[in-house]
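The next block holds one structure in the form of structure tokens; read it before the comments.
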Amino acid sequence: HTRGDVFAAVAPCAAVARYAAQLKPKPAMHIAGENDPLVKFAWQQRMMTEVRKINGCSATGEAWDKDCTLYSSAKGTPVVTFIHPGGHIVPASAPALIVKFFKQH
């Protein structure tokens, strides 16, 4: 959050921020495992909801790619959620999807 003006977009994986209220609107892709034993999925769901609020995203999303949902934003700060059935891992498909997302922003 201290470099909010430096990055054009972000793509955290298994992430929760204690300082969510201090985040600035920014295109974001969040990768979350439904069975993550370290960063509980419920915590990540709350984080994704908070980021969608901050970014002014639509309440409902649309398919963006396999296991990914795009929440559009009138502010130009969409959120893509990539929810996979695994645990605390980076799925093999994640790097290519992150590149796709970053190229769009």
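Couple of notes before you dig in:
- Solvent-accessible surface of the chain, taken per residue with a 1.4 Å probe and all protein chains present: 58 Å².
- By accessible area, using a 1.4 Å probe on protein heavy atoms only, the range 5-52 has 56% of its surface on carbon and sulfur.
- Highest to lowest packing among 96-102, 85-91, 22-28, scored as the average C-beta count within 10 Å: 22-28, 96-102, 85-91
- Mean Cα-pair separation over length for the chain, i.e. relative contact order, pairs under 8 Å, 6 or more apart, %: 30 percent
- Here is how the number arises for the chain: DSSP H runs of 4 or more residues each give -39500 (n - 2.57), the sum is divided by the residue count, and the result at 222 nm is -7500 deg cm²/dmol.
- Rounded to the nearest 20 debye, dipole of the chain from Cβ charges on Lys, Arg, Asp, Glu: 340 debye
The values are calculated or read from the model by the stated rules, or taken from the named source; none is laboratory data. Quick caveat: nothing in here was measured; it's all calculated off a predicted structure. Don't worry about glycine lacking a Cβ; one is built from the backbone with ideal geometry, like all the others, and counts go over all protein chains shown. When the accessible area is computed, the model is the full protein with side chains, heavy atoms only, and any ligands, DNA or RNA have been set aside. Shrake-Rupley method; radii C 1.70, N 1.55, O 1.52, S 1.80 Å.
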